[in-house]
Each structure stands twice: as C-alpha cells, then as structure tokens.
Amino acid sequence: MPGNVLVTVGSTKFDELIRAVDTHIFVAALHEQGYRSLFVQRGDGEYLPHVLVPRGRNKAKLPGNFSVEFVQYVPSLHAHMEAADLIISHAGSGSLFEALSLHKAVIAVPNGSLMANHQEELAVHLERLGHLVSATPDTLARAVRHLNPGALTPYPKGSPQGIADAIHRLVGV
C-alpha cells in the first residue's frame, strides 16, 4: 500500500506547483489513493504555504492522520526519494532520472518558465515511453487520481558510453 509522497521543485522556484500542492483538493486526491504523508521541497519561490500548514509553520497533521511538511531545501533529497512511493517533480533531468533510476512512480510537472520550456519536452518524451505521467499544476490532482503506478514502464538504467562516444565525435577524438 502506498504511503509517502515527495514533491520537489529542485533548486529554483516554481510557485505554481507549490500553490497546487498547498490545497485540500490535492491532499484529498493523495488520500484517495492511499497516501498518508507529503514532504514538499518548495525551493526558492515567493509563495509560502499556508493552506495545509499554519502561517509560519512547516508541519501539520491533517484529518485522516495525514502528515504534511514543507521545507525550502534539504542537503540531499536522495533519502526522501528512496522513502517515497510517489515522486512529483519539476521536470528537471537530474531529478527525473534520479527518481526513475530508483524505480519510483513519477509525475513530472514541467516548469514552463525555464529555458524555452525544455522541461516539457523531456516530460512528454518520457511519458510517451511510459516511464512517468506528465501534468501541469492545474491537472496535478487529476493526475494523482488517475495514476496507476503498475502501468508505468520501469526505466532501464542507461550507460554513459553513448554520451562519451558523442563527445568523442564532437571533439574529433
């Protein structure tokens, strides 16, 4: 049975995602799917969660024994990723590939304000391959409700040899 959910925006700000997470509708969707705890790494955004946690606090116990914690940053998310049953992440390549290599269910939420929306291209590509589900902040609760982790295709760990070969071709070695 699922239990833990991790939400991460990486090292930047993604207020739209944090606003979408800081709602009772989102928590209800998680609760319906059997999740019981939510850990959110909110990054450097300006939006301060206040719906699920009281202003000035970062933790709360919600009805149904559902626990919520918001933090700005942690030294490493790896332990949180390992403990998570579901990872909801901005669509940064580092975060996505780390989550996928741990064989976690992943919902990617591209941050459209970054670098010509490269995150959307990556999320859509990985979704087409069946490795994750792509959502927007507006469709996140619905994506959680319809998520079937067993239907996702495990991500096969790649080899760095392809990158090394490409670099060698580029530099003429």
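So, residue 26, is that one within 18 Å of residue 145 (Cβ to Cβ) and surrounded by 12 or more Cβ atoms within 10 Å (Cβ to Cβ) or not? Spelling it out, residue 26 is indeed within 18 Å of residue 145 (Cβ to Cβ) and surrounded by 12 or more Cβ atoms within 10 Å (Cβ to Cβ).
Filtering the range 29-44 to residues that are assigned to a loop (DSSP other than H, G, I, E, B) and loosely packed, with under 15 Cβ neighbours inside 10 Å leaves 34, 44. Only residues that are outside any strand (DSSP E or B), within 14 Å of residue 7 (Cβ to Cβ) and under 18 Å from the mean Cα position of the chain (by Cα) were counted across the range 53-82, and they come to 6. Go through the range 83-139 and report how many residues are of a type in the set (Phe, Trp, Tyr) and either in a loop (DSSP other than H, G, I, E, B) or at pLDDT 95 or above (or both). Here the count works out to 0. When 105, 91, 83, 123 are screened for being among the small types (Gly, Ala, Ser) and closer than 17 Å to residue 45 by Cα, only 91 passes.
If you go through the range 45-79 and keep only what is surrounded by 11 or more Cβ atoms within 10 Å (Cβ to Cβ), within 23 Å of residue 111 (Cβ to Cβ) and without any contact (Cβ under 8 Å) to a residue 12 or more places away in the chain, you end up with just 48. Of the residues making up the range 3-28, those that are assigned to a helix (DSSP H, G or I) and of a type outside the set (A, V, I, L, M, F, W, C) number 4.
The values are calculated or read from the model by the stated rules, or taken from the named source; none is laboratory data. Note that the structure is a prediction, hence the values are computed from the model and not measured. Quick reminder, even Gly has a Cβ in these numbers, built from the backbone with ideal geometry, and neighbours come from all protein chains shown.
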